[in-house]
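The next block holds one structure in the form of structure tokens; read it before the comments.
Rule-based calculations on the coordinates, nothing more; no lab input. Only a predicted model underlies this, so the values are computations on that prediction, with no experimental measurement involved.
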Amino acid sequence: MIRLEQLLESLKTVRQHTAQAVEDMPAAELDFRPVPEVMTFREIARHILDASHGLSGMLLSGDDNFATPDFREKVTRHAVNLPADAGPADLAAALRRSVDERVAGFAAQPSAFFDQIITRFDGQRVTRMEMIQMLKEHEMTHRSQMFLYLRMKGVVPSTTRQRQAKPAAK
């Protein structure tokens, strides 16, 4: 069983590392992409922000069917107002504000809110809690791409730096 408090704390931790990755990437490299067919580092960060803020906004506004023809329009209604070419400081700050806002919104919901069944954009029926878990998994997938891009630029991701610092602290 997933506990709400643990899920929300985990969501915040994942987001902190996403925002840190944005701050760690040299500003001149934000539009780096290893091959033409994939998103740039900036586009991935922005996708994480827009998708998570939009989908969580839909959850909090009471939407229960994400598999509708106007799905993209609904997501856009909850988008973060941030220029597409935002720099690393603004993008990282928006990522942190977004998760803080959404976690507070989720924490204010009654427990029954999380047990309600919704229809995901792929037609799958899931609880609101499972949808929040999916949002976290989505971010972790894209954050892994960001970490790979960082490595390609010679930057060690924050999660690795934390792990490497622990033995030294003993």
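Tilt of helix 4-24 relative to the longest C-alpha principal axis of the chain, in degrees (0 to 90, nearest 10)?
30
Taking the Cα atoms only, what angle lies between the long axis of helix 88-107 and the longest principal axis of the chain, rounded to 10 degrees?
Orientation of helix 88-107: about 30 degrees from the principal axis.
Restricting things to alpha carbons, tell me how big the chain is in terms of Rg and Dmax, in Å.
Cα radius of gyration and Dmax of the chain are 16.7, 55 Å respectively.
So between residue 77 and residue 93, what do we pick up on full extension, going 0.36 nm a residue minus the alpha carbon distance?
Here the answer is 3.7 nm.
Using θ = phi - 60° and the Karplus relation 6.51 cos²θ - 1.76 cosθ + 1.60, list the HN-Hα couplings for segment 150-156 in order, rounded to whole Hz, with x at every Gly or Pro.
4, 4, 5, 9, x, 9, 7
Based on the Cα atoms of segment 1-81, what semi-axes does the equivalent ellipsoid have, where each is the square root of 5 times one gyration tensor eigenvalue, given in whole Å with the largest first?
Sorted largest first and rounded, they come to 26, 19, 10 Å.
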